[in-house]
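*Asks:* Structure provided below as structure tokens; questions to follow.
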Amino acid sequence: MAPTHTSYRYKIVRHIADGIIFLLLAMLALRWMDIRVLPDTLSSWGIPLAFVLAMALRAWAQYAHRPPGIHNNGVWFRPLTSRKWPALTLSLLLTSFYVVLYFYPQYLGLGSDGAPNRGLIAMFDPLSKALSGNPASQWFVYGVFYTTAILGFGIKFLMKYRHNRYQRWRTLSVMFFQLGFAFLLPELLMALNKPYYNFATFWPLHYYYFDQWHVDQLLRAGLLGKWMFFWGLAMIFILSPYLTYRFGKRWFCSWVCGCGGLAETAGDPFRHLSSKSLRAWQIERYLIHSILVVAVAMTIGVIESYLRTGQYWLTPRSFVVLSLLVVTLPSAWLLFTQREQLARDARILLAAVALLFSIVLVNHLFSPNGEIFFVDAGTVRKWYGFFIGSIFSGVIGVGFYPIMGSRVWCRFGCPLAAILGIQQKFFSRFRITVNGGQCISCGNCSVYCEMGIDVRDYAQRGKNIVRASCVGCGICAAVCPRGVLRLENGPSYKNKA
Amino acid sequence: MTRVAIIGNGVAGATAALHIARHPNYSVTLISDETPYFFARTALMYVYMGHIRASDLKPYPDTLWDKYHIQRIHDRVTDIDFQHKHLHLAEGNTIPYDILILATGSIPHRIDWPGIHLDRVGYLYHLQDLHRLEHWTPHIRHAVIVGGGLIGIELAEMLRSRHKQVTFLVRESHFWNIVLSDSEAQLIDQHIREHGVDLRLNTELEEIVDDGSGKVGAVRTSSGDLIPCQYVGITIGVKPNVQWLRDSHLHIDTGIVVDEFLRTNIEDVYAIGDCAQLQHTAPYRRPIEPVWYTAREMGQCVAATITGNPTPYRQGLWYNSAKFFDIEYQTYGYVPPHPDPETDDFLWQDPPHYRSLRIHYRRDNHAILGINALGLRLRQEQCHQWIQQATPLPEVISQLPLAAFDPEGNTSYLRDIQQYFQAQFYTTNSP
């Protein structure tokens, strides 16, 4: 008979875990108001650790008594995951947090003009000092929250998809890269008086990589710094094209990237909320590629503006020529080798390249020194950072999880995802293969695609899925009740449809 | 303009409509009294379970029908005047046609058990069945499901997802062992019970008992048990929805009898999908196959035939799939529940992980005839190739990784199968 007795016990454990999580959040809220429940030396690492453990307990209570398998029961009934008022409340809380974090860090307790930190930021001073030797900043606190969320919700994800090794490996990978490469290593580098550097991200997601201060900092930091600088270049021009050719953009977007890591763990309960409409797809294509053009043009402009000072061995003119070659040669090669498949996309690509070309050239020929496109270089960078770095990736990207799904930033905004997507679509062995005629058009694949790809539309026609936006999370294949979909690295990048 | 009327907008009718309407000289009218739009019947369960919304059931965007100028009518066809080529609709309209396609689908099979007409006796076929079940759900504490097949286990999973107690009455000695072998069926039995279902094998329904107000109060089983319940789900299969056509000149046996071009005995009238009964069948195939993809293929064939490219519907190699709670099932080719005198089974099982692979092969030359997979995914193209080329079993086993379709990292069982085969097959089949 139904194991009501056992599940009752699990329910109690789940409530206990919920209680612990609530207490931890309450302690944070109190500490934010400068009320200490525990000494900071304990709570700065104790609260994050306790959160991860409580999440593990909760995940165990939620999933361990069920046989392994896909259990999306009630996803569209629960108010939190179906855009009802709890979702709106959570969204409001998250967006408010991001607004405060980016624009009013003093309200989190950041001390300015040498004053010591207060509130929430002061609470994390002991942990920050232990790692890097410096007092905490709002970014350190954010990093702790971010990493804690990926670890805690990552454990939940591991339990939920424990029957699927692809999902387990992928999740362990994002947890590892967030904790080790995005959080701990840069702090330890600071403790060793080396530049803060995250090896697991690269330009253009790492948007200040080519800024003068960053380049100078790396190049003046000895052999390690130079190595970091060239690692960043190698990631852009050698490693990422190769890995994307070999495995698709998933190697980064759903195995390494921190934004992807949060989306895949904390964002997993909201993945079905992404819009699958044709209009959303059109907006996506124009928006993400426009941001890519802006990001590339701005970066070229920024580099050119400091090359004009004459302190570097590269002249502005040779740099502009070189970068335009780097943009045009692969595009020309693409247009030539894949002209049959491209059709409409070709015009968009040509338009984008032409636009970029003209922006860069006009800027090169007519903008005065220190300005990008007749605007002060610092101002351009600031506005890009404001709109793309803060508003899009943070406030909307994470704040809108409960409304628009977990990959809003990755789908509509991330310029790195745009580059990897172009590579994936035209020059990668990755595809999602459809298994003969077994598709029953049930639609689970489309519903649970966080990138809003209408997977069913391909599957029911027996067509393989080759889409620039696909991050290769593999959930479509996991939720398919008939084993119709499989993520594959084919023998060749051609003829994969 | 050739006017094509299609009765029924299931996968057969909708596929035919879309394929015919692509040709400019045809105007298509698609009539259904169930829904104004085509939906994936196979996914009804996921709406009830909250995995997807009702709007997600539509396989195509609404705009597609307008793009191809397909007229959709939400009404019931009450009568067909085959002589004058007119359809009469319940709301009084008359639709003239030049070509008629009958794609009326199935209706749930039922037996006249005492109490079968009580309130809260339900089925799972039409969208309306789902609405009724949803309406009754708050009143259900305990549900009884009658019939151990694919729909019965879906209904059990649905009700368990809404925390209902479920008793599942199965006439056979194991779940679906008219298709699965006992070894496979026992694995499913165990899994059904693991999901908290009270599975009662070798048990039939005797009577549905009134609770005193015209609603279901209990069922009495063939073993004499009285099981109090607030809902009874009847899932003992489907039959062609043709009763309403029996008085016509249409040649009807169990279904509407059609030739290889899906033509009925009346000129310009075709029948496709669940309601069609094929005059000639391929080996190991049945004249009526109420399956999603066969309906889709018939829709494509009839569309080609009507639009000037006569295409016979040929049953190829059989395949199908299902999911029993968490266990996926795929089958390719001919795999009977028990071996014949000329054939044998290679069986590998990993019960803790609910995995099972059964390959049916000929004793004389070891050529494989079919494959049943539980808990693992196989590539259809590869399986069909092996079966069509009569590949010997040892070769199939050694090439098994070619057919692996599980997510990356989930195919370590392949080596277990190969090792098990080495140990088993050559000891029992040595000359």
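The values are calculated or read from the model by the stated rules, or taken from the named source; none is laboratory data. The structure presented is a predicted model; accordingly, all values stated were derived computationally and were not measured. Cβ placement follows ideal geometry from the backbone for every residue including glycine, while neighbour counts extend to all protein chains displayed. SASA here: full protein model, heavy atoms, side chains in, ligands and nucleic acids out. Shrake-Rupley method; radii C 1.70, N 1.55, O 1.52, S 1.80 Å.
*Asks:* Counting pairs of alpha carbon atoms under 8 Å apart in space and at least six apart in sequence, what relative contact order in percent does chain A give? Let's see the in-between values first.
*Replies:* Details: 724 pairs, mean separation 80.6, N = 497.
Over chain A, the number comes to 16 percent.
*Asks:* Still on this model: Would you please give the residues with an amide H less than 5 Å from that of B:Arg355, counting only those at least 5 places away or on a separate chain, with H modeled from the backbone geometry?
*Replies:* Those lying under 5 Å, H to H, from B:Arg355 are B:Asp350.
*Asks:* If you average 1/r across every pair of different Cα atoms in the stretch B:319-428 and take the reciprocal, what Kirkwood value do you get, in Å?
*Replies:* Details: mean 1/r = 0.0716 Å⁻¹.
Averaging 1/r across every pair of different Cα atoms and inverting gives 14.0 Å.
*Asks:* Kindly provide the helix-only [θ] at 222 nm of the protein assembly as shown, computed as the sum of -39,500 (n - 2.57) over DSSP H runs of four or more divided by all residues, to the nearest 500 deg cm²/dmol?
*Replies:* Details: 34 runs with 391 residues, N = 928.
Calculated from helices alone, the mean residue ellipticity at 222 nm is -13000 deg cm²/dmol.
*Asks:* I would also like to ask the following. Of B:Ile31, B:Ile80, B:Ile107, which has the largest mean-square fluctuation in a 10 Å C-alpha GNM of chain B?
*Replies:* Sorting by GNM fluctuation, first place goes to B:Ile80.
*Asks:* If you don't mind, another one. What does the protein assembly as shown give for Rg and for Dmax, in Å, if only its C-alpha atoms count?
*Replies:* Spelled out, the Cα radius of gyration and Dmax of the protein assembly as shown are 31.3, 97 Å.
*Asks:* Tell me which of B:Thr42, A:Gly421, A:Tyr104 sits at the most positive position along the dipole axis of the protein assembly as shown, charges placed on C-beta atoms (Lys, Arg +1; Asp, Glu -1).
*Replies:* A:Tyr104
*Asks:* To continue, here is another question. Quick one: which residues, 5+ away or cross-chain, put their amide H under 5 Å from the amide H of B:Glu206? H built at 1.01 Å from N.
*Replies:* Placed amide hydrogens put B:Arg220, B:Thr221, B:Ser222 under 5 Å from B:Glu206.
*Asks:* Restricting the count to DSSP beta bridges whose residues both fall in chain B, what percent are antiparallel, rounded to a multiple of 5? Provide the component values of the computation, followed by the final result.
*Replies:* Details: 47 of 83 bridges.
Of all bridge pairs located within chain B, approximately 55 percent are antiparallel.
*Asks:* Which value, in square angstrom to the nearest 100, describes the accessible area buried between chains A and B on both sides, using a 1.4 angstrom probe?
*Replies:* Counting both chains, the buried surface is close to 4000 Å².
*Asks:* With no solvent and one equal point scatterer per Cα, compute the Debye intensity ratio I(q)/I(0) for the stretch A:348-494 at 0.09, 0.10, 0.14 Å⁻¹ and report its log10, rounded to two decimals.
*Replies:* -0.42, -0.50, -0.82
*Asks:* Going by Cβ distance under 4.7 Å, what cysteines of chain A have no possible disulfide partner?
*Replies:* When partners are defined as cysteine Cβ atoms under 4.7 Å apart, chain A leaves A:Cys253, A:Cys257, A:Cys259, A:Cys410, A:Cys414, A:Cys439, A:Cys442, A:Cys449, A:Cys470, A:Cys473, A:Cys480 without one.
*Asks:* Search the structure for amide H atoms under 5 Å from the amide H of B:Ala271, placed 1.01 Å from N in the peptide plane, and list their residues when 5 or more places away or on another chain.
*Replies:* Sorted by chain and number, the residues that satisfy this are B:Leu102, B:Thr264.
*Asks:* Based on the alpha carbons, how large is the Rg to Rh ratio for the stretch A:430-489 when Rh follows Kirkwood?
*Replies:* Values: Rg = 9.8 Å, Rh = 10.9 Å.
With Rg and the Kirkwood Rh in hand, the quotient comes to 0.89.
*Asks:* Sequence gap at least 6, Cα distance under 8 Å: using those rules, report the relative contact order of the stretch A:430-489 to the nearest whole percent.
*Replies:* Values: 103 pairs, mean separation 29.5, N = 60.
That works out to 49 percent.
*Asks:* Which shape class, rounded, prolate or oblate, goes with the stretch A:24-87 when its Cα gyration tensor gives a ≥ b ≥ c as root eigenvalues, a/c under 1.5 marks rounded, and past that a/b bigger than b/c marks prolate?
*Replies:* In terms of gyration-tensor shape, oblate.
*Asks:* Which residues of the stretch B:303-336 bury at least 40 Å² of accessible area once all protein chains are present, versus their chain alone (1.4 Å probe)?
*Replies:* Listed in order, they are B:Ser321, B:Lys323, B:Asp326.
*Asks:* What area, in nm² and to one decimal, does the C-alpha convex hull of chain B cast on average over all directions? Mind dumping the intermediate values first?
*Replies:* On the way: hull surface 93.0 nm².
Taking a quarter of the hull surface, the average projection is 23.3 nm².
*Asks:* Run the quick spin-label model on A:Leu38 and A:Val362: label points 7 Å from Cα toward the beta carbon, then report their separation in nm to one decimal.
*Replies:* Result for the modelled spin labels: 5.8 nm.
*Asks:* Follow-up question, since we're still on this one. Take the residue pairs A:Lys11/B:Lys58; A:Lys194/A:Lys425; A:Lys463/B:Lys323 and return only those whose Cα atoms are more than 29 Å apart. Write down the numbers at each step before the final one.
*Replies:* Details: A:Lys11/B:Lys58 36 Å; A:Lys194/A:Lys425 38 Å; A:Lys463/B:Lys323 23 Å.
Pairs exceeding the cut-off: A:Lys11/B:Lys58; A:Lys194/A:Lys425.
*Asks:* Here's something else I'd like to know. Which of the three applies to the stretch A:32-128, rounded, prolate or oblate, going by the alpha-carbon gyration tensor with a ≥ b ≥ c and a/c under 1.5 meaning rounded? Before the final figure, lay out the partial values.
*Replies:* On the way: a/c = 3.73, a/b = 1.65, b/c = 2.26.
Cα axes put the stretch A:32-128 in the oblate bin.
*Asks:* Take chain B, mark every one of the GluC sites (Glu not before Pro) that falls in a DSSP loop and has at most 12 other Cβ within 10 Å, then report the longest stretch left between them, sites excluded.
*Replies:* Numbers: sites that count: B:Glu91, B:Glu267, B:Glu342.
Counting at most 12 other Cβ atoms within 10 Å as exposed, the longest clean stretch of chain B is B:92-266.
*Asks:* Using θ = phi - 60° and the Karplus relation 6.51 cos²θ - 1.76 cosθ + 1.60, list the HN-Hα couplings for the stretch B:354-361 in order, rounded to whole Hz, with x at every Gly or Pro.
*Replies:* Rounded to whole hertz, the list is 6, 10, 7, 9, 10, 10, 8, 9.
*Asks:* With a ≥ b ≥ c taken as the square roots of the eigenvalues of the C-alpha gyration tensor of the stretch B:121-236, please select rounded if a/c is under 1.5 and otherwise prolate if a/b is larger than b/c or oblate if it is not?
*Replies:* Numbers: a/c = 1.85, a/b = 1.40, b/c = 1.32.
Prolate is the answer for the stretch B:121-236, as a/c is 1.5 or above and a/b outweighs b/c.
*Asks:* Then there is this: Most fluctuating residue of B:Thr42, B:Thr294, B:Thr331 in a GNM of chain B with Cα springs under 10 Å: which is it?
*Replies:* Result: B:Thr42 has the largest fluctuation of those listed.
*Asks:* Work out the charge dipole of the protein assembly as shown with +1 on the Cβ of Lys and Arg and -1 on the Cβ of Asp and Glu about the Cα centre, then indicate which of B:Gly375, B:Tyr293, B:Val242 is farthest towards its positive end.
*Replies:* Of the options given, the answer is B:Gly375.
*Asks:* Now for a different question. Can you give me the C-alpha center-to-center distance between the stretch B:28-98 and the stretch A:65-101, rounded to a whole angstrom?
*Replies:* Value for the Cα centre distance between the two parts: 35 Å.
*Asks:* Shifting gears a bit: If you take the charge dipole of chain A about its Cα centre, with +1 on Lys and Arg Cβ and -1 on Asp and Glu Cβ, which of A:Val327, A:Val408, A:Val466 is farthest toward its positive end?
*Replies:* A:Val466
*Asks:* Percent relative contact order of chain B, based on C-alpha pairs within less than 8 angstrom and at least six residues apart? Don't skip to the answer; put the middle values down first.
*Replies:* Details: 901 pairs, mean separation 57.2, N = 431.
Relative contact order, chain B: 13 percent.
*Asks:* In sequence order, what are the phi-derived ³J(HN,Hα) couplings for the stretch B:71-85 according to the Karplus relation 6.51 cos²θ - 1.76 cosθ + 1.60 with θ = phi - 60°, rounded to whole Hz, with x for glycine and proline?
*Replies:* So the J values, rounded to whole Hz, are 7, 10, 10, 9, 7, 9, 7, 9, 7, 10, 9, 5, 5, 9, 6.
*Asks:* Taking the Cα centre as origin and putting +1 on Lys and Arg beta-carbons and -1 on Asp and Glu beta-carbons, what dipole magnitude results for chain B, to the nearest 20 debye?
*Replies:* Details: 36 positive and 50 negative charges, 133 e Å.
Once rounded to the nearest 20, the dipole reads 640 debye.
*Asks:* In addition: In whole percent, and with a 1.4 Å probe on the protein chains, what portion of the accessible area of the protein assembly as shown is carbon and sulfur? Please list the in-between numbers first.
*Replies:* Working: 23680 of 39620 Å².
On the protein assembly as shown, the fraction of accessible area on carbon and sulfur atoms equals 60 percent.
*Asks:* Taking the alpha-carbon centroid of each part, what is the distance from the stretch B:108-126 to the stretch A:150-222 in angstrom?
*Replies:* 59 Å
*Asks:* Could you check what % of the DSSP bridge pairs in the protein assembly as shown are antiparallel, to the nearest 5? Provide the component values of the computation, followed by the final result.
*Replies:* Numbers: 55 of 91 bridges.
For the protein assembly as shown, the DSSP antiparallel bridge percentage is about 60.
*Asks:* Using unit Cβ charges (K, R positive; D, E negative) and no other charged atoms, how large, in debye to the nearest 20, is the dipole of chain A about its Cα centre? Before the final figure, lay out the partial values.
*Replies:* Details: 48 positive and 20 negative charges, 404 e Å.
Dipole of chain A, to the nearest 20 debye: 1940 debye.
*Asks:* Please give the Cα centre distance for the stretch A:360-437 versus the stretch B:133-195, rounded to the nearest Å.
*Replies:* Spelled out, the Cα-based centre of one part sits 50 Å from the other.
*Asks:* To the nearest 20 debye, what is the magnitude of the charge dipole of the protein assembly as shown about its Cα centre, counting +1 on the Cβ of each Lys and Arg and -1 on the Cβ of each Asp and Glu? Each step should come with its number before you reach the end.
*Replies:* Values: 84 positive and 70 negative charges, 577 e Å.
Result for the protein assembly as shown is approximately 2760 debye, rounded to the nearest 20.
*Asks:* Going through the DSSP H helices of chain A, which span 20 Å or more along their own axis at the Cα atoms while scoring at least -0.5 as a mean Kyte-Doolittle hydropathy?
*Replies:* On the way: long enough: A:4-32 (41 Å, 0.62); A:40-63 (34 Å, 0.78); A:85-103 (26 Å, 1.61); A:138-160 (32 Å, 0.98); A:278-307 (44 Å, 1.10); A:316-337 (32 Å, 1.57); A:344-366 (33 Å, 1.62).
The answer, listed by residue number, is A:4-32, A:40-63, A:85-103, A:138-160, A:278-307, A:316-337, A:344-366.
*Asks:* Here is a follow-up. Rolling a 1.4 Å sphere over the protein heavy atoms, what is the accessible area per residue of the stretch B:121-236, to the nearest Å²? Could the numbers behind the result be given before it?
*Replies:* Values: 4340 Å² over 116 residues.
I get 37 Å² per residue for this part.
*Asks:* Continuing with this model, one more query. Label-point separation (nm) for B:Glu194 and B:Phe261, each offset 7 Å from Cα along Cα-to-Cβ?
*Replies:* Between B:Glu194 and B:Phe261, the simple spin-label model gives 5.2 nm.
*Asks:* Based on alpha-carbon positions alone, could you give the equivalent ellipsoid semi-axes of the stretch A:188-335 from the gyration tensor, as √(5λ), descending, whole Å? Walk me through the intermediate numbers first.
*Replies:* Values: eigenvalues 179, 102, 42 Å².
Semi-axis lengths for the stretch A:188-335 are 30, 23, 14 Å.
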